[in-house]
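Working notes, structure below.
The values are calculated or read from the model by the stated rules, or taken from the named source; none is laboratory data. What you see is a predicted model; the values in this text were computed from it and never measured. Note: ideal-geometry Cβ built from the backbone for every residue, glycine included; neighbour counts use all protein chains shown. Calculation scope for accessible area: heavy atoms of the full protein, side chains included, ligands and nucleic acids excluded. Shrake-Rupley method; radii C 1.70, N 1.55, O 1.52, S 1.80 Å.
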Amino acid sequence: ARLRCCKDLPDGALLLGASSLSGRCWVGSIWVFKDPSLAPNEGFCSAGVQTEAGVVDATWVSDQGILVASDSGAVELWEVVENESLIVNKFCKYEHDDIVTTVSVLALDAQAVSGSKDFCVKVWDLAQGAVLNSYRAHSSQVTCVASCPAKETVFLSCSEDHRILLWDTRNPKPASRIETGICRNFPTSLAWHPEQNETFVFGNDTGTISVVDLKNPKASVTSRTHSRSITGLAFSKHSSPLLASISEDCSVAVLDEHCAEIFRDRSHWDFVRGLSWSPLDNTKLLTVGWDHQVLRHTIPAENSTPSVPDNSQE
């Protein structure tokens, strides 16, 4: 199975999403591990379920819901019940016309946003399992959506059309283009800064990471961190958050607040597709890849020199 995403709950439980080829068809699966150290051995998961198509992206909704982006064009909501021993389906809606590439839950957990290879961005009411708004604002496939942590109507989207859009669903025209001045390559991944609502980062298809201040987006700070496309970005919960990045170059990197590299690991031997910081220990980062590895990295303390990778795998 190709592991494609991972997310931690505040209590330390781990969500894994995977895709595997069964005959001529891709099928997916989602797994919950109360003890993340036992992943990815399915025999030790507390709950798991097979989905009818490959899982592209998945994220927690509150502490029991699981929102899934599917190869089939569906957005699915699952719920973990019976003391994390059972996963049941709440809805499965085929509103997109192509693979759903990305999902993100908006602040307050009542709504979510999805992006697809059909060029569309859709806003969902999770309780109703219905699309509130559908927008065809991009002219190529949507590569990532990211909700603002502090504003329940604000999110970002990016696409292979080379554009990054800032959305506010309260506005009659909700999308505005962010002119970063960097348009030679297309953005592949987005993440909001957890402490600064006007700051976000994006990675592109050549491995460059850019830090953008919405007050002055053309003055972005860039770092050529990887040699191939960025597949994921995630900030830590440190007082000065660290930024972890993963890539199709099969490596994992961590940058400090000045975009200086403090950690690098090359233990994956295929595309790295998911990452998640431990909610229980700021020094622990977990990554998953198409190589079916779940790697646990220990990141050096702030203000220390770059370390020799220290990780374990199951």
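Tabulated data for the structure shown
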| read-out | value |
| --- | --- |
| Three-way shape call for region 168-244 based on the alpha-carbon gyration tensor, with the a/c threshold at 1.5 | oblate |
| Net charge of Cβ neighbours under 11 Å - reference Arg2; Lys, Arg +1; Asp, Glu -1 | 0 |
| Mean separation of Cα contacts under 8 Å (6+ apart) over length of the chain, as relative contact order % | 11 |
| At R0 = 35 Å, FRET efficiency that the Cβ-Cβ distance of Asp213 and Trp269 yields, to 0.05 | 0.45 |
| Among Asn204, Ser20, Ser251 - extreme Cα towards positive end, dipole of the chain, charges at beta-carbon | Asn204 |
| Given [x] 21.3; [y] 19.4; [z] 25.8, the label whose value is Kirkwood radius over Cα pairs in Å derived from this model | [y] |
| With every protein chain in place, region 167-218: carbon and sulfur % of accessible area (1.4 Å) | 44 |
| Label point distance in nm, Lys151-Leu132, each placed 7 Å from Cα along Cα→Cβ | 1.5 |
| Estimated FRET transfer efficiency (Ser176, Thr222; beta-carbon r; R0 25 Å; 0.05) | 0.70 |
| Euclidean distance of C-alpha centroids, region 181-256 and region 78-115, integer Å | 25 |
| HN-Hα J in Hz across region 245-261 - Karplus 6.51, -1.76, 1.60, θ = phi - 60°, x for Gly and Pro | 9, 10, 7, 6, 7, 6, 10, 10, 10, 10, 10, 8, 5, 9, 6, 8, 6 |
| Distance violations [Cα-Cα > 27 Å] among Lys7/Lys93; Lys215/Lys284; Lys7/Lys215 | Lys215/Lys284; Lys7/Lys215 |
| Net charge of Cβ neighbours under 15 Å - reference Asn197; Lys, Arg +1; Asp, Glu -1 | -3 |
| Net charge contributed by nearby residues that have their C-beta within less than 15 Å of Cys183 (K/R +1, D/E -1) | 0 |
| R0 of 35 Å, Cβ-Cβ distance Asn83-Ser239: FRET efficiency to nearest 0.05 | 0.55 |
| Which of Ser46, Ser134, Leu3, positive extreme of dipole for the chain (C-beta unit charges) | Ser134 |
| Cα-centred dipole magnitude for the chain, charges only on beta-carbon of K, R (+1) and D, E (-1), debye, nearest 20 | 780 |
| Contour excess over end-to-end distance, with Cα ends at Asp125 and Val49 and 0.36 nm allotted per residue | 25.0 nm |
| Peptides ranked, highest mean first, by Cβ atoms within 10 Å: ranges 19-29, 104-114 | 104-114, 19-29 |
| Region 237-281: relative contact order in percent, alpha carbon pairs under 8 Å with at least 6 residues between | 35 |
